[in-house]
Amino acid sequence: MKEIRHIIEAYGQIDFSQHKAALATVARVEGSSYRRTGARMLVLNNGTYLGGVSGGCLEGDALRRAQKAIASNQPSVVTYDTTRDDHNQIGVGLGCNGIIDVLFTPLDSSDAANPIGLLRDRAYSRQPCLLATVTGCESRPETLGKIVPLENPEQWERDFPIPELSETVLTNARHCLEKEETRTLHYATASGDAVRICLEVLLPATHLVLYGANNDIYPMARIGKELGWDLTMVANPLKMEKSLSVLNTRVLHPNGTEQPDLDPYTAVVLMTHDYKTDLQTLPKILQSPARYIGLLGPRKRAQKMFDALEAQGIPISDANMARIFAPAGLDIGALTPEEIALSIVAEIRACFAGRPGSSLRLRKRAIHEG
């Protein structure tokens with residue numbers, strides 16, 4: 001979500017009386033690729049760009065293709081095949097070993113529903129969203145690049161550009177949204193026309209909520225900011241460093257009337273270093289749907305807390321125990337506050353991705369599935 005938000009901000013600063021722009025979007029990936037479906041690059045006609053569609057090997061050609069889309073005012077799709085032993089193919093020899101479709105879409109600044117406008121309306125949502133994009137339909141070239149958000153069945157039926165596929169694609173879109181999976185699917189019309197549609201699920205940015213005001217909270221905030229996560233700190237604002245203002249961090253008083261909004265895309269870390277405070281806070285967090293709950297300190301401290309809560313008639317259920325990480329963090333031998341923050345943030349990412357957090361060399365399957 002960080003890249004999307006940066007592109008939206010940059011787009012809002014473009015002087016369209018002087019410049020034109022296009023958006024390059026990875027619309028399909030088969031095999032290995034540095035970037036996955038949904039990676040984006042905003043390109044101006046003067047050659048400047050923001051974001052990326054690969055690790056750098058395709059950006060030069062993508063820049064030229066995007067400028068061509070601006071000049072022609074027509075969308076296009078280009079397939080980069082790095083699996084072939086063809087020295088004329090962009091990206092061959094770089095080790096990606098994948099097939100990548102990139103959609104190039106000129107941006108009409110007068111159209112509020114252009115790709116950037118659709119992203120702007122969803123970039124700060126705390127609910128998953130889905131955008132369906134036509135990335136291939138030879139018999140109906142006017143549909144190429146058309147984007148339809150999934151809001152409700154009536155809106156979908158009205159806006160979907162290929163009516164005979166509307167119901168089938170809607171079923172697939174709902175499945176992707178339920179599974180939180182982005183997929184590019186192939187369809188065929190009754191007349192045999194091949195159609196390719198990218199069903200992209202946009203998940204809310206991870207919301208990192210930190211309880212505490214000690215020095216070790218700042219590395220956590222800086223890393224979270226670098227990742228583009230939304231940040232909330234629960235502490236006495238008078239004890240917080242002024243440097244937090246540049247991190248765009250929300251600070252809430254622990255005894256204030258306003259408390260953080262905790263949803264399934266929230267990770268909470270209790271970092272007060274005060275046993276009684278954490279003991280009072282944990283039951284409140286357990287009542288929320290927060291996906292990750294991290295506790296600093298040794299395992300004995302956490303077990304003492306669990307025993308105390310059970311004595312109060314608040315036993316920790318198996319479901320809650322599964323989302324409590326105590327001690328918080330991956331086992332990387334962290335010593336300094338910065339290293340500890342790194343280990344916790346990495347564990348949060350693994351938790352949200354449904355991964356064990358082990359070395360990739362131990363993974364038997366592909367890094368990215370689907």
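The values are calculated or read from the model by the stated rules, or taken from the named source; none is laboratory data. This one's a predicted model, so the numbers in the text were calculated from it and none came from an experiment. Counting neighbours? That spans all protein chains shown, and the Cβs are built from the backbone with ideal geometry, glycine included.
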Check your understanding: Only one of these conditions is not met by LEU231: (1) free of Cβ contacts under 8 Å to residues at least 40 places away in the same chain; (2) under 18 Å from the mean Cα position of the chain (by Cα); (3) not in a strand (DSSP E or B). Which number is it?
Key -> (3)
Review point. Which residues, taken from segment 159-193, are among the basic types (Lys, Arg) and more than 19 Å from CYS137 (Cβ to Cβ)?
Key: ARG174, LYS179
Exercise for review: Considering each of GLY60, GLY55, GLY47 in turn, give the residue that is outside any helix (DSSP H, G or I), at pLDDT 80 or above and among the small types (Gly, Ala, Ser).
Suggested key: GLY47
**Study point:** Considering residues of segment 39-57 that are of a type outside the set (S, T, N, Q) and in contact with a Cys (Cβ under 9 Å, 6 or more places away or on another chain) only, the residue nearest to LEU202 (Cα to Cα)
**Key:** GLY55
Exercise for review: Within segment 226-248, track down each residue that is in contact with a helix residue (DSSP H, G or I) (Cβ under 7 Å, 6 or more places away or on another chain), aliphatic (A, V, I, L, M) and at pLDDT below 90.
Suggested key: LEU244, LEU247
Check your understanding: From the list GLU157, GLU200, GLU151, which residue is assigned to a loop (DSSP other than H, G, I, E, B) and outside the structural domain of LEU279 (by TED's automatic domain parsing)?
Key -> GLU151
Study note, to complete from the structure: Of the candidates GLU164, GLU181, GLU142, the one satisfying the condition of being at pLDDT 90 or above, part of a helix (DSSP H, G or I) and either over 30 Å from ASP261 (Cα atoms) or not hydrophobic (A, V, I, L, M, F, W, C) (or both) is GLU164
